[in-house]
Amino acid sequence: MHVPDGFLNLPTSAVTGAAAVAGVALALRGARRELDERTAPLAGLTATFVFAAQMVNFPVGAGTSGHLIGGALAAILVGPWTATLCLTVVTVVQALLFADGGLTALGTNVLLLAIVSVWVGWGVARLVLRLLPDGRRAVAWAGAAGALVSVPAAALVFCGLYAVGGAVAVPLGLLVPTMLGVHSVIGLGEAAITFGVLTAVAASRPDLIHALRPAPEPELEEVPA
């Protein structure tokens, strides 16, 4: 899923870069409502786990391999705003230290991996949790569903970006089914990993899972008499 340099033209890369900056800025504000003294260390552990897990590739077929993105998993564990920050850090470190994705495509990769995958995964997971009665038992299934949908969703967004500003000679009619097909299979692997991790955490420390915490009550403003 990491987009290399030169795959999108510079105007499109600039727009995705601006969108990524705006998204991360919003996440910095939103994460204040999710993080406290107990959850802040978990955010660091989540980022470390996602970084390490992304280094492990699994075969997809036809010489193609995939790896965990971790957007849905991170969102359920630490909240979507904090997950956006975690995935952003992972994506930036990978680009700078391991050349995984290009520097001119860094904004595109942050948009796809840290924003699209996180928020699509979170939205699907929240929907599943509303439909299933037992949140503690359902959270692994919710995470798996979010992971399954989030990976091809990010691939589809990339295809849309390529349709607007593709800079290489790959026909869009070939790119779209290939990207969706491969990333749908990768989504299955992502769903399996997410399900396993959340099952283990829910069994041992359900209090650490952000998605299982009650929503904070809105603060009421005092109306002057």
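No lab work stands behind these numbers, since they all come straight from the coordinates. Model, not experiment: these values are computed from the prediction. All Cβ positions, glycine included, derive from the backbone under ideal geometry; neighbour counts span all protein chains shown.
Structural remarks
- Label positions at residue 26 and residue 56, each projected 7 Å from the Cα along the C-beta direction, are separated by 3.3 nm.
- Computed lengthening from residue 14 to residue 131, 0.36 nm per intervening residue step minus Cα-Cα distance: 38.2 nm
- Remark on residue 8: its backbone amide H falls under 5 Å from those of 167, a criterion applied only to residues 5 or more positions apart or on other chains, H modelled at 1.01 Å from N.
- The C-alpha atoms of the chain occupy a region whose extents along the principal axes are 63, 44, 32 Å, arranged from largest to smallest.
- Helix-only [θ]222 nm of the chain, DSSP H runs n ≥ 4, -39500 (n - 2.57) each, per residue, nearest 500: -22000 deg cm²/dmol
- Distance in nm between pseudo-label sites at residue 93 and residue 164 (7 Å out along the Cβ direction from Cα): 3.0
- Inter-part distance where region 94-136 and region 161-220 are each reduced to a Cα centre, Å: 6
- If you plug the beta carbon distance of residue 204 and residue 178 into 1/(1 + (r/R0)^6) with R0 = 35 Å, you get a FRET efficiency near 0.30.
- Angle in degrees between helix 117-131 and the longest Cα principal axis of the chain, rounded to the nearest 10: 40
- Tilt relative to the chain, helix 10-30 - C-alpha long axis, 0 to 90 degrees, to 10: 10
- 3J(HN,Hα) couplings calculated from phi for region 147-156 with the Karplus curve 6.51 cos²θ - 1.76 cosθ + 1.60 (θ = phi - 60°) are, in sequence order, 5, 4, 7, 5, 5, x, 5, 5, 5, 5 Hz; Gly and Pro show x.
- Extending 7 Å from Cα along the Cβ direction at residue 5 and again at residue 213 yields two label points whose distance is 4.1 nm.
- A full extension of the chain between residue 192 and residue 48 corresponds to an added length of 49.9 nm, given 0.36 nm per residue minus the alpha carbon distance.
- Helix axis angle, 39-54 relative to the chain longest principal axis, alpha carbon, degrees: 30
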